[in-house]
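K.L.:
First the structure, which I've put down as structure tokens, then a few questions once you've had a look.
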Amino acid sequence: MTHDGPRSTRGYVAGALREAIITGELPPGHQLRQDQLSADFRSSAAPVREALRQLESEGLVVHYANRGSFVAEITEDELRNVLLPLRLHLERYALDRAVERDRARLCDELDQVTAEMRAAADRADLRAVTEADVRFHRTLVDAAGSAQTSQLWGSIQWRLRVQFHRLGEPAHRLHSITDEHITLVKAIRDDGRDHLHRALHEHIVTAAETLLDSA
């Protein structure tokens, strides 16, 4: 975890801790001591406390009374039976709405994100590919115009990112990840509802289950 840089704000602290959790630098069960984090980030207690609350709301940190804050555990059972089905349901609903509203605009926006993802993959920039991946699906979900759907999706996305990073060795799959998103955009642009739902299931569920089964 890198501590260099300007004086921390809540967003900076939360972002640095989030990245460290996703990459495994801060493993499940690791205690996040506010006093130590304040020293590490050269920050007062308030931004650190707020950052931990934000990460708790994202499901990356769990707080126990009289014990403190710890990096949350994400089990395979939760991934298979809660997170993946919920993500599929939310994105399928959002995609149906977004296609009805303006398919061409959605595809144009997703094409722009995949172009950025491809450029990041070409320069082996794992962080930029991951950020583009999140932005791709955030764009898709937000295009539905449903604030509740976007909120629910946002509440689970980072727990999914943690597990995928641990399972998939994404640094070795940057171009494959990009190609998977380009294939999905093609389906959104050209295919009917049933084929599109199958493509989304393949992208979200089948790919994740393949990683789980090979782990």
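The values are calculated or read from the model by the stated rules, or taken from the named source; none is laboratory data. Since this is a predicted model, take the numbers as computed values, not measurements. Here the Cβ positions follow ideal geometry from the backbone for every residue, glycine too, while neighbour counts run over all protein chains shown.
K.L.:
Restricting to segment 24-72, and then to whatever is of a type in the set (Ser, Thr, Tyr) and within 29 Å of residue 153 (Cβ to Cβ), can you tell me which residue is modelled with the highest pLDDT?
P.N.:
My answer is 69.
K.L.:
Does segment 13-25 contain at least one residue that is of a type in the set (D, E, K, R), touching a residue at least 40 places away in the same chain (Cβ under 8 Å) and surrounded by 14 or more Cβ atoms within 10 Å (Cβ to Cβ)?
P.N.:
Among the residues of segment 13-25, at least one is of a type in the set (D, E, K, R), touching a residue at least 40 places away in the same chain (Cβ under 8 Å) and surrounded by 14 or more Cβ atoms within 10 Å (Cβ to Cβ), which makes the answer yes.
K.L.:
Ok, one more. Quick one: what pairs do we get from segment 82-103, first residue farther than 12 Å from residue 197 by Cβ, second surrounded by 15 or more Cβ atoms within 10 Å (Cβ to Cβ) and among the aromatic types (Phe, Trp, Tyr), C-beta under 9 Å, 6+ apart or different chains?
P.N.:
Once the first residue is farther than 12 Å from residue 197 by Cβ and sits in segment 82-103, its partners that are surrounded by 15 or more Cβ atoms within 10 Å (Cβ to Cβ) and among the aromatic types (Phe, Trp, Tyr) give 86/153; 87/153; 90/153; 94/153.
K.L.:
Another question, then. Mind checking which pairs have a first residue in segment 50-68 that is on the phi > 0 side of the Ramachandran plot and a second that is in a strand (DSSP E or B), Cβ under 8 Å, 6 or more apart or different chains?
P.N.:
68/31; 68/32
K.L.:
Only one of these is of a type outside the set (Asp, Glu), modelled with pLDDT under 95 and in a helix (DSSP H, G or I): 90, 95, 79. Name it.
P.N.:
Matching residue, one of 90, 95, 79: 79.
K.L.:
Conditions first: (1) surrounded by 14 or more Cβ atoms within 10 Å (Cβ to Cβ); (2) among the charged types (D, E, K, R); (3) within 19 Å of residue 160 (Cβ to Cβ). Residue 73 passes all but one, so which condition is the exception?
P.N.:
(1)
For every residue, the table says whether it meets (1) over 21 Å from the mean Cα position of the chain (by Cα); (2) of a type outside the set (A, V, I, L, M); (3) farther than 16 Å from residue 145 by Cβ.
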{"position": "48", "(1), (2), (3)": "yes, no, yes"}
{"position": "54", "(1), (2), (3)": "no, yes, yes"}
{"position": "57", "(1), (2), (3)": "no, yes, yes"}
{"position": "75", "(1), (2), (3)": "no, yes, yes"}
{"position": "86", "(1), (2), (3)": "no, no, yes"}
{"position": "94", "(1), (2), (3)": "no, no, no"}
{"position": "97", "(1), (2), (3)": "yes, yes, no"}
{"position": "103", "(1), (2), (3)": "yes, yes, no"}
